[in-house]
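Trainee: Once you've had a glance at the structure underneath, I'll fire off some questions.
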Amino acid sequence: MEQKTNDVPNENNQDSLSNKERFKQAREQALKERAIKMAEKKEKQQRIKAEYLQLKKDYAVLKKQHKERILAKKQELKSQQLPRTQRFTMYREFIGKENNHYQELQQELLNKTSNDLRSSRFYLFKRWFFGIGKELKRVTWTPRKRVGKDFVIVLIIVLILVGFFAVLDVLLSALHIIGK
């Protein structure tokens, strides 16, 4: 009987060792899988960043070409001996067509990009705030003196209303319409 009891703990020790080894192997496997996933994620981020930078360069080239075509047309129209109103009309028609063409080319560029780039948080955030700086420059802000004068006016109106309601309350309570 002693041998059996000795054998059982030995088997348990072997099982516990094998469990420890299995746990160790599973942990190592999980760490390897995690490292692979992290490497894939980093590679994807680098690819998205490279694609974004290329898209930005392509947009810059497209915009430069657009401006050059408009400038060339403007110079061409200036060199022609036409009445000013006719040149202006022709220039406006050209601008309208050129802007439509420019927007189509921009859309083609965007369609060429991968879904990864279009769905990346950075790109969406960047597009959301595109042009905010220019928009803030366009806003006309009220001067400080005007803000101060408006504040004083509002404060006076509030005080007048408070006084009016206080007098009304005193009168109504004196006539016993409102009981205190």
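The values are calculated or read from the model by the stated rules, or taken from the named source; none is laboratory data. What you see is a predicted model, and the numbers here were worked out from it, not measured in a lab. Positions of Cβ are backbone-derived with ideal geometry, glycine not excepted, and every protein chain shown enters the neighbour counts. Heavy atoms of the whole protein, side chains included, go into the accessibility calculation; ligands, DNA and RNA do not. Shrake-Rupley method; radii C 1.70, N 1.55, O 1.52, S 1.80 Å.
Trainee: Using the Karplus equation 6.51 cos²θ - 1.76 cosθ + 1.60 (θ = phi - 60°), what ³J(HN,Hα) coupling, rounded to whole Hz, does each residue of the stretch 134-142 give in order, writing x for Gly and Pro?
Mentor: Ordered by residue, 3J(HN,Hα) equals 5, 5, 5, 5, 6, 5, 9, 9, 6 Hz.
Trainee: Can you give the FRET efficiency to the nearest 0.05 for LYS149 and VAL170, using r as the Cβ-Cβ distance and R₀ = 35 Å?
Mentor: According to the calculation, E is roughly 0.65.
Trainee: Right, another one. State in Å² the accessible area per residue of the stretch 33-109; use a 1.4 Å probe, count heavy atoms of protein chains only, and round to the nearest integer.
Mentor: Heavy-atom accessible area per residue stands at 82 Å².
Trainee: Solvent-accessible area of LYS97, probe 1.4 Å, all protein chains present, reported in Å² to the nearest ten, please.
Mentor: 140 Å²
Trainee: Could you give each residue of the stretch 145-160 its phi-based ³J(HN,Hα) in whole Hz, using Karplus coefficients 6.51, -1.76, 1.60 with θ = phi - 60°, and x for Gly or Pro?
Mentor: 4, 5, 4, x, 4, 4, 5, 4, 4, 5, 4, 5, 4, 5, 5, 4
Trainee: Here's something else I'd like to know. Using only the alpha-carbon atoms of the stretch 20-110, report the extent along each of the three principal axes, biggest first, to the nearest angstrom.
Mentor: Principal-axis extents of the Cα atoms in the stretch 20-110, largest first: 93, 16, 11 Å.
Trainee: Let me ask something else. Cα-Cα over 31 Å: which of LYS63/LYS137; LYS64/LYS137; LYS67/LYS145; LYS74/LYS137; LYS20/LYS49; LYS49/LYS134?
Mentor: Those over the limit are LYS67/LYS145; LYS20/LYS49.
Trainee: Separate question: How big is the accessible area of ASP58 in square angstrom, nearest 10, if you roll a 1.4 angstrom probe over the protein chains?
Mentor: Here the accessible area works out near 50 Å².
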